[in-house]
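I have placed the structure first, in the form of structure tokens, so that the comments after it can refer back to it.
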Amino acid sequence: MRLGRIASPDGVAFVSIEGDPDRPHEMTAREIAEHPFGTPEFTGRSWPLADVRLLAPILASKVVCIGKNYAAHIAEMGGAPPANPTMFLKPNTAIIGPNVPIQLPANASPVHFEGELAVVISRPCKDVPAARAKDNILGYSIGNDVSARDQQQSDGQWTRAKGHDTFCPIGPWIVTDLDPADLSIRTEVNGAVEQDSRTSLMMHDVGAIVEWISAVMTLLPGDILLTGTPEGVGPIEHGDTVSVSIQGIGTLSNPVIRKGNS
């Protein structure tokens, strides 16, 4: 099932998105009553997907991110592999949906894209063993951990660099029936391929990530876990379009603007 969130003439709703993504004009959005957790119930209303606007597919209480999870990316950034997963937070105010502009702060340069697999939590959980991680996962989406490199380097920690409004695109939907172990992940900027890797190259897989994070903090329904980015990160500038594609999910695209420019 593909779970999404839309804005329609009737308001905002969670939906099941049905049809062939290769034929988007034939896809439909079926309204889900209340929320998508558990077994969704449907209201009976639906819209052609072309007639509604896709929003970020979930409202997260927090976004928990894993850094330094692909060896080649660690190498390109000049670091050393950590013994344990490197964890940091992005505020939920950074979340945006498909086609919403990433806004580059006037005082930040360079700003980099980071295409990532996103994990969405299904229920409250704490101290989850890796072997039971899937019991607590609603599904998988696509994320872009946008990062202001100059601020990351100057601050010595990553909150400001990765926490700006619009620095966490998520979407276009959540896929519930997906094995995340070995999926292609690809990022393009203006149609040029910049990242081309596979999730099988993660140093810490999804189960290990859920175990590590949930040992520290309680995870709540809708919380988003970003699993790290492969090599090939690079700058984005005003006027660019960055698109992250993950096998079995789809493509998340966002234009880029510099604050103060129109």
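Quickly estimate the mean residue ellipticity at 222 nm for the chain, helices only: each DSSP H run with n ≥ 4 gives -39500 (n - 2.57), and the total goes over all residues, rounded to 500.
Working: 4 runs with 27 residues, N = 262.
Computed ellipticity for the chain at 222 nm equals -2500 deg cm²/dmol.
With a cut-off of 8 Å between alpha carbons and a minimum separation of six or more residues, what is the relative contact order of the chain in percent? Show your work: numbers first, answer last.
Values: 696 pairs, mean separation 65.6, N = 262.
The normalised contact order for the chain reaches 25 percent.
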Order of S46, S184, S16, S214 from fewest to most other C-beta atoms within 10 Å? S184, S46, S16, S214
Would you be so kind as to identify which of I74, G239, C168 lies farthest towards the positive end of the dipole of the chain, taking Lys and Arg as +1 and Asp and Glu as -1 on Cβ and the Cα centre as origin? C168
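At most 12 other Cβ atoms within 10 Å plus a DSSP loop assignment makes a site exposed; report the longest stretch of the chain without any exposed GluC sites (Glu not before Pro). Provide the component values of the computation, followed by the final result.
On the way: sites that count: E34, E41.
Answer - 42-262.
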So, relative contact order of the range 165-262 in percent, Cα under 8 Å, 6 or more apart, is 34 percent
Taking amide hydrogens as modeled 1.01 Å from N in the peptide plane, which residues meet the under 5 Å criterion relative to L138, leaving out close sequence neighbours? V120, I121, S122
Treat each spin label as a single point 7 Å out from the Cα along the C-beta direction, and report the A215 to N99 distance in nm. 4.3 nm
Over the Cα atoms of the range 46-163, what radius of gyration and what Dmax do you get, in Å? 16.4, 50
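Count charges around A94 for me, please; just the other residues with Cβ under 15 Å from its Cβ, Lys/Arg as +1, Asp/Glu as -1. Mind showing how you got there, number by number?
Values: positive: K62, K90, R160, K162, K259; negative: E114, E116, D145, D165, D223.
Result for the local shell: 0.
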Once R0 is set to 41 Å, what does the formula 1/(1 + (r/R0)^6) return for the Cβ-Cβ distance between N190 and A130, expressed as a FRET efficiency to the nearest 0.05? 0.60
Going by how many other beta carbons lie within 10 Å of each one, how would you line up M1, M202, fewest first? M1, M202
Label-point separation in nm, S46 to S61, each point 7 Å along Cα→Cβ: 3.4 nm
Kindly list the residues of the range 28-50 that lie in the label zone of S8, defined by a backbone N under 17 Å from the point 7 Å along the Cα-to-C-beta vector. 28-36, 40-50
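Bear in mind these aren't lab numbers, they're just calculated from the coordinates by the rules spelled out. Computed from a prediction, not measured in an experiment: that's the story for all the values here. Because the Cβ atoms are built from the backbone with ideal geometry, glycine has one as well, and the counts that use them run over all protein chains shown.
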